[in-house]
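The values are calculated or read from the model by the stated rules, or taken from the named source; none is laboratory data. Keep in mind that this is a model prediction, so the values were computed, not measured. Here the Cβ positions follow ideal geometry from the backbone for every residue, glycine too, while neighbour counts run over all protein chains shown. The area values use the complete protein model at the heavy-atom level, side chains included, leaving out ligands, DNA and RNA. Shrake-Rupley method; radii C 1.70, N 1.55, O 1.52, S 1.80 Å.
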Amino acid sequence: MVSIKYLFLTCLLTLFSGSSGFANVKRNLKAKPLLSNIMMAVESKVYPDTENWRKISSGLAKNDLRAILSSQDDWSDSQFKESLQMYETFSDCQDSYVAPLIRDALSHLDQAYRLYGPSSVVCSFNGGKDAVVILELVRAAAAHYYRTKREIEPEISPKRPRVIYFDHKDEFPEILEFLNRSVYKYDLDMLAFEEGIRFSTGLKMLIEQNVVPGTDHKLPMSFVLGTRATDPNAGNQGHFAPSSYYMPPFMRVNPILDWDYGHVWHFLRLFKLPYCVLYDQGYTSLGTVKD
């Protein structure tokens, strides 16, 4: 229903091209928080801080960023259980075209969570099709990690899977709407960098302030990426690839490196997973509104 209403509201904005028309639409959304957030995103391209969506600005104090990184709220029980069920569903897949790739991807993510821990495994989520695939795999692997951990520490509370996004002034409104829905639907811990912060700069900010609480001892980090071997920037990367010399030190985790375009769409449709509506409008890849 949200998507239908959103498309209807987009039509209204087209008809009421003036700012007064936009204001009238927003006033009618006061009783609908999620839709109101979506409309604010269309206008400002930035979501307000919430417990799920935390903004990272260039001027954020060091200690404030450390506090954000060290505070990972509990994952809702419903989403933890749903994600755990997805892990079982993915693992039990019998589709010969994608099943081996799914199991390999989950294995790499299982290793990442075991080596780096849930606070230092961060999924890059920009709303594109490849990002959707890794997000679905990451949340499944996160749930599996906590189930395994509970065998040793029965009282441990699952924490929200951590994702990052870099805001762009020319982002598609549909992308922002999809990101917003996904973050709240899956109860994720979104670290959203403000417009103008480069990818390498944002990663450096996180890496430098990801420390053991109360100390300056840095914890190593890994970033889960949707890189595939056919991508121009893939180079000779493996499923685990240290960052390039010009980047801050971290581990790149590439769980879908061996997937191709067909595998991505087969996976999304086989499991009936949600993706951005722009793909159904003829887009094969998503950049910005000016691309």
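So is TYR97 in contact with a helix residue (DSSP H, G or I) (Cβ under 8 Å, 6 or more places away or on another chain), within 22 Å of LYS185 (Cβ to Cβ) and either part of a loop (DSSP other than H, G, I, E, B) or open to solvent by 30 Å² or more (accessible area, probe 1.4 Å) (or both) or not?
Taking the combined requirement at face value, the residue does not satisfy it.
Which one of these is modelled with pLDDT under 90 and open to solvent by less than 40 Å² (accessible area, probe 1.4 Å): ILE38, ILE56?
Testing whether each residue is modelled with pLDDT under 90 and open to solvent by less than 40 Å² (accessible area, probe 1.4 Å) leaves just ILE38.
Inside segment 125-153, can you point out the residues that are among the polar types (S, T, N, Q) and at pLDDT 95 or above?
If the condition is that a residue be among the polar types (S, T, N, Q) and at pLDDT 95 or above, then THR148 is the only one that fits.
LEU257: open to solvent by less than 40 Å² (accessible area, probe 1.4 Å) and farther than 18 Å from ASP110 by Cα, yes or no?
Answer is no for this residue.
Does ASN63 count as over 18 Å from LEU270 (Cα atoms), part of a loop (DSSP other than H, G, I, E, B), polar (S, T, N, Q) and open to solvent by 50 Å² or more (accessible area, probe 1.4 Å)?
No; evaluated as a whole, the condition is false for this residue.
Could you check PHE271 against (1) surrounded by 17 or more Cβ atoms within 10 Å (Cβ to Cβ); (2) under 20 Å from ASP110 (Cβ atoms) and say which number it fails?
(1)
Quick test of your reading of the structure: ASN126 fulfils all but one of (1) open to solvent by 50 Å² or more (accessible area, probe 1.4 Å); (2) in contact (Cβ under 8 Å) with a residue 24 or more places away in the chain; (3) assigned to a helix (DSSP H, G or I). Name the failing condition by number.
With (1) open to solvent by 50 Å² or more (accessible area, probe 1.4 Å); (2) in contact (Cβ under 8 Å) with a residue 24 or more places away in the chain; (3) assigned to a helix (DSSP H, G or I) applied to ASN126, the lone miss is (3).
If you go through segment 228-269 one residue at a time, how many are at pLDDT below 95 and β-branched (Val, Ile, Thr)?
Here the count works out to 1.
When you look at GLU153, is it open to solvent by 10 Å² or more (accessible area, probe 1.4 Å) and either assigned to a loop (DSSP other than H, G, I, E, B) or among the small types (Gly, Ala, Ser) (or both), yes or no?
Against the criterion (open to solvent by 10 Å² or more (accessible area, probe 1.4 Å) and either assigned to a loop (DSSP other than H, G, I, E, B) or among the small types (Gly, Ala, Ser) (or both)), GLU153 qualifies.
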